[in-house]
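Coordinate-derived values only; no laboratory data. Computed from a prediction, not measured in an experiment: that's the story for all the values here. Using ideal geometry, Cβ is built from the backbone for each residue, glycine included, and neighbour counts are taken over all protein chains shown.
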């Protein structure tokens, strides 16, 4: 991400906005810094990162913002939904993978984080696996493919995912409002290291 | 519910809508559960006793990463994703780390160095020592919770945080100390 440091006055304004909540005393201008970066799938929305250097260790919070309203990236899909509902999301076949990656970096589940595997050598969870499992992931990995379905106006992202100790090949159906659904999955590796246990091509759907 | 159904439930829009505050809506429940788990570890219990004796306040923020201690306010912050009402294993590890950072600062054991007065290399050494000490404390807590209490999911989470080799080394070290009768 190409972070740009914001002016002190802009940082002050952001802290002021954040500090308007009754509990917003975590950040102060004297000890905090704000940086921002553009995202290829948003119009008029940036990701803003506020770092407090007074905490031990340094503490960071990320927000989506148009400069006026700040949506805390709180680990749920809620802020992404709110930004998309404002019409700021502009998905296409070139940027949908970046969107999915961003989504999974900022949304988590009770079972843990979800990883879109773009490059197995660049995944933070690899150290948690045995050497055999690491080799298996690299051997099974295929490049991400993207398609557009005109019938229901969705993007299909065919990719490898790592979730709750399970390596999956799956199709991610990404709606133009940004909602993601996982379907057509097959398990490549289970938490105990078992390999190639296909579960068929069932669309498990939503709740 | 199978794994993919759980995943899709978590990804679904509209599944969580919480007030726009930094503090977690379920802070009380999360802290109660996290401190209960931490209390099961000898190291964690000592940290909680320290927090109680020194009046450190604990807070949970809606976030999926990070923890910290704010010295000026004697407040510890841990993170837990919005919508969750139980602490993740990571939140418990964060709590141990944040409390150790507080202990370092308040007992002058590994106080934050002054970046203005200290030469750069000495400053870096001090900061690295603080981080290593915090990580060692977290490793002890994870080990004690898994070996004594059988909470294996906290080990899985520690591995996913990138500390598999560190944890294994710690475990081997404890074993060798036990063999030598020094523990």
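Annotations for the structure displayed:
- With neighbour counts taken as other beta-carbon atoms within 10 Å, the residues B:145, B:31 rank, fewest first, as B:31, B:145.
- Taking the longest Cα principal axis of chain A as reference, the axis of helix A:8-19 is set at about 70 degrees.
- Peptide A:103-113 - average C-beta neighbours from other chains (10 Å radius): 6
- Residues B:163, A:53, ranked from the fewest to the most other C-beta atoms within 10 Å, line up as A:53, B:163.
- Per residue convex hull volume, Cα atoms of segment A:1-109, in Å³: 113 Å³
- At 0.692 mPa s and 37 °C, Stokes diffusion of segment B:15-100 via Kirkwood alpha-carbon radius, µm² per second: 256 µm²/s
- For chain B, the share of DSSP beta bridges that are antiparallel, to the nearest 5, is 45%.
- Residues B:93, A:144, B:4, sorted so that the one with the fewest Cβ neighbours within 10 Å comes first: A:144, B:4, B:93
- The convex hull around the C-alpha trace of segment B:32-183, projected and averaged over every direction, spans 10.2 square nanometres.
- Using alpha-carbon coordinates, inclination of helix A:131-140 to the longest axis of chain A, degrees: 80 degrees
- Values of log10 I(q)/I(0), in the order q = 0.13, 0.15 Å⁻¹, for chain A under a Debye, Cα-only, solvent-free model: -0.82, -1.01
- Helix A:96-106 and the longest principal axis of the C-alpha atoms of chain A enclose an angle of approximately 70°.
- Where only DSSP H runs of four or more residues are counted, the protein assembly as shown gives -12000 deg cm²/dmol as its mean residue ellipticity at 222 nm, each run worth -39500 (n - 2.57).
- Panel values: the protein assembly as shown, Kirkwood radius from alpha carbon pairs, Stokes-Einstein at 37 °C and 0.692 mPa s, translational diffusion coefficient 147 µm²/s.
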